[in-house]
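Step one of this worksheet: look at the structure below.
The values are calculated or read from the model by the stated rules, or taken from the named source; none is laboratory data. If you're wondering where the values come from, they're calculated on a predicted model, not measured in any experiment. Cβ atoms come from the backbone with ideal geometry, glycine included; neighbour counts cover every protein chain shown. Protein only, heavy atoms only, side chains kept; ligands, DNA and RNA dropped before computing areas. Shrake-Rupley method; radii C 1.70, N 1.55, O 1.52, S 1.80 Å.
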Amino acid sequence: MELPVISNAAPETGGGCSSSGCGSAPDALAHLPDHIRAKVQDHPCYSEEAHHHFARMHVAVAPACNIQCHYCNRKYDCSNESRPGVVSELMTPEQAVKKTLAVAAAIPQMSVLGIAGPGDPLANPERTFETFRMLSEQAPDIKLCVSTNGLSLPDCVDELAKHNIDHVTITINCVDPEIGAQIYPWIFWNNRRIRGVEGARILIEQQQKGLGMLTSRGILVKVNSVMIPGVNDQHLKEVSKIVKAKGAFLHNVMPLIAEAEHGTYYGIMGQREPTPLELEALQDACAGDMSMMRHCRQCRADAVGLLGEDRGAEFTLDKIDEMEIDYATAMVERAKVHEQINAELEMKRQLRTAPRFQPELVTIEPAAPALRNVRIAVATKGGGVINEHFGHAHEFLVYEVGPTSARFLGHRKCTPYCMGDTSCGDGETVLGGIIRSLEGVEVLLASKIGFEPWSDLEKAGIQPNGEHAMEPIDDALRAVYDELAAAGKLDATAGSARAAA
Amino acid sequence: MSLVINDLCVGCYACEPVCPNKAISAPVDRGRPVFFINPDKCTECLGDHDLPQCAEICPIECAIEDEYGEPLNPPGSLTGIPLHLLDLNREGECRT
């Protein structure tokens, strides 16, 4: 049975269907005009559906930056962390092209090459555009995209258009310079460092100007915002309205990452990160105005592979030198694989829109009590099926499932149970950390779950379930929900402690 | 009269293009660029800009020194992290 997935465009209320929520929306992009959807449907970072199937990579060719953000530490050489701004191997444009071609040959699902740092790509225009120029010649099938803080964006719009880059991401954390001054200590502008409110004002002006210039040329713009509790969390609702009015097509509200050991201002000053439920609530609040992106993995500036995985270690410059690659054959192979994936996705799309019998609408008696929604977490390696062991999962996808539909809420990162030490830090076990990250979740689906974590999860109010191994996520969510409903556990009035939390 | 880049430099290349005298070079040694200001070319931007450009854009505190070894961007001046917390944070240590 196919499970209709609620669009992320609007929060679901009271277990019913939101206007765009039922039946036909695979993800936040369903409402977009066809020409835009066609541009993003194979882009893993923009399409929630595509990200299970298509791969992307970032090349770290852009080390310089023209601003400082309080969540960033420019001493960025670290191979053991995964977050934006962190890379282990800086590359020249030539090396980047070589790496891209090697990855695209080894991973035929690869559809997108992005430049995201580790500094600001547009503060390194020569390196960035040289990479794009060579790639558009040598691998014309690979989509190119770039992300920027926006300060140099207005100066670069012509060049971006020339290289046929049709996706740009701007990080916009505020539209109010007073708030900006709490996020950006300084910018480099017109040959000097400008601090505080004045620097933030210039940055905001440039971001908004660049956004307008891009959208007026038909270049797709996604806006990233970092949610910083107590600094810009309430303000981001206004940001969402404004960027939508200026023509951005997708808003990605991401949680602040701030740990003291990262050496960032926020990390050292003890600025807290938002909880998963706070993030969900803000995304829902913004969703009334704007398409929200919920599957972002906040990847490194040199990430390789499907979202959520990083195969960068397989493609270091040393290893690439030893590879023998037939580029022409690789491109043909890639085209075949992309065609297959797109055909599969198109079939799914048509199935969703086709009129069909909906047994769940029939089996629920009109007089039956209203059923509440349930958060269900899923362990997956990709492909849209439940195919990851609990103990190996680096993250869980969290869905909110209702009587007739489900929507993707986001992912929760964690240390894998089988790879962590038995305890870390202040004596909190790895399992304890996983349970904490699953706040609000009532059921956990994985291909396999060991005996030991099983009982701890149960004690914490999370029902583990390994019965749906290798099943499509949609089908499994529906089956589990229906089972809970049949057992009378979902009467709206009888919410569990976890659901109420 | 010349500025000096010391080994706190993380090799981000931000300073290289903003130098009006093309005094900054970055020969690659064992995979890492080592940034160097040619003292014969460096004018500390006198005559070109009000402030030395490399020090204005550099994101790393204490990485650029004047001829007396004084950092142009002293501890805490770029990140805003208070000195007593910088001391606790090993990464933030300056050699000066």
- Quote to one decimal, in nm, the extra length available between A:Glu322 and A:Ala492 on full extension: 0.36 nm per residue of separation minus the C-alpha distance between them. 55.1 nm
- Note on the structure: Between A:Leu409 and residues 5 or more places away or on another chain, the pairs with built amide H atoms under 5 Å apart involve A:Val398, A:Tyr399, A:Glu400
- Message: Using a 7 Å offset from the Cα along the Cα-to-Cβ direction at both A:Gln350 and A:Thr429, what is the distance between the two label points in nm, to one decimal?
- Response: 5.1
- Query: Rounded to the nearest 10 Å², what accessible area does A:Glu259 show when all protein chains are kept and the probe is 1.4 Å?
  - Reply: 70
- For B:Glu61, solvent-accessible area (1.4 Å; no DNA, RNA or ligand), Å²: 20
- Task: Calculate the spin-label point distance for A:Leu277 paired with A:His392, positioning each point 7 Å from the Cα along the beta-carbon direction, and give it in nanometres.
- Result: 3.2
- Item | For the stretch A:133-230, accessible area per residue (1.4 Å probe, heavy atoms of protein chains only), Å² | 36
- Message: On a straight-distance basis, which lysines could pair with A:Lys348 in a cross-link, Cα separation under 24 angstrom, same-chain partners fewer than 8 positions away excluded?
- Response: A:Lys39, A:Lys143, A:Lys336, A:Lys381
- Task: Rounded to the nearest Å, what's the spacing between the alpha carbon centres of the stretch A:209-244 and the stretch A:254-268? Just the number, please.
- Result: 22
- Message: Across the stretch A:139-202, what fraction of all alpha-carbon pairs, as a whole percent, falls in each successive 10 Å bin from zero upward?
- Response: 19, 41, 27, 12, 2
- Mean shadow area of the stretch A:34-322 over all directions, Cα convex hull, nm²: 13.9
- Query: What are the ³J(HN,Hα) values, in whole Hz, obtained from phi via the Karplus relation 6.51 cos²θ - 1.76 cosθ + 1.60 with θ = phi - 60°, for each residue of the stretch A:93-98 in sequence order, with x given for Gly and Pro?
  - Reply: x, 4, 5, 5, 5, 4
- Query: Quick one: net charge of A:Val223's neighbours, Cβ under 10 Å, K/R +1, D/E -1?
  - Reply: +3
- Task: For peptide A:117-130, compute the average count of partner chain beta-carbon atoms within 10 Å of each residue's beta-carbon.
- Result: 1
- Query: Chains B and A: buried accessible surface, both sides, probe 1.4 Å, rounded to 100 Å²?
  - Reply: 2000
- Message: Residues of the stretch B:28-57 that become at least 40 Å² less accessible with every protein chain present than in their own chain isolated, using 1.4 Å: which are they?
- Response: B:Gln53, B:Glu56, B:Ile57
- Starting from the Cα of A:Lys241, draw a straight line to each of the lysines and keep only those under 20 Å, dropping any in the same chain fewer than 8 residues away. A:Lys209, A:Lys222
- Item | Calculated FRET value between A:Glu178 and B:Asp7, using beta carbons and R₀ = 41 Å, to 0.05 | 0.60
- Query: Once phi is turned into θ = phi - 60°, what whole-Hz ³J(HN,Hα) does the Karplus curve with 6.51, -1.76 and 1.60 give for every residue of the stretch A:52-67, x standing for Gly and Pro?
  - Reply: 6, 10, 9, 10, 9, 8, 10, 10, 8, 10, 10, x, 7, 9, 10, 9
- Query: When each pair of different Cα atoms in chain B is counted once in the 1/r mean, what is the Kirkwood radius in angstroms, to one decimal?
  - Reply: 13.9
- For the stretch A:276-283, in residue order, the Karplus 3J(HN,Hα) values (coefficients 6.51, -1.76, 1.60; θ = phi - 60°; whole Hz; Gly and Pro = x) are x, 6, 5, 4, 4, 5, 5, 4
- Long-range amide H partners of A:Cys145, meaning residues 5 or more apart or on another chain whose placed amide H is closer than 5 Å, are A:Leu113, A:Gly114, A:Ile115
- Query: Taking only protein heavy atoms and a 1.4 Å probe, what accessible area per residue, in Å², does chain B have with all protein chains in place?
  - Reply: 55
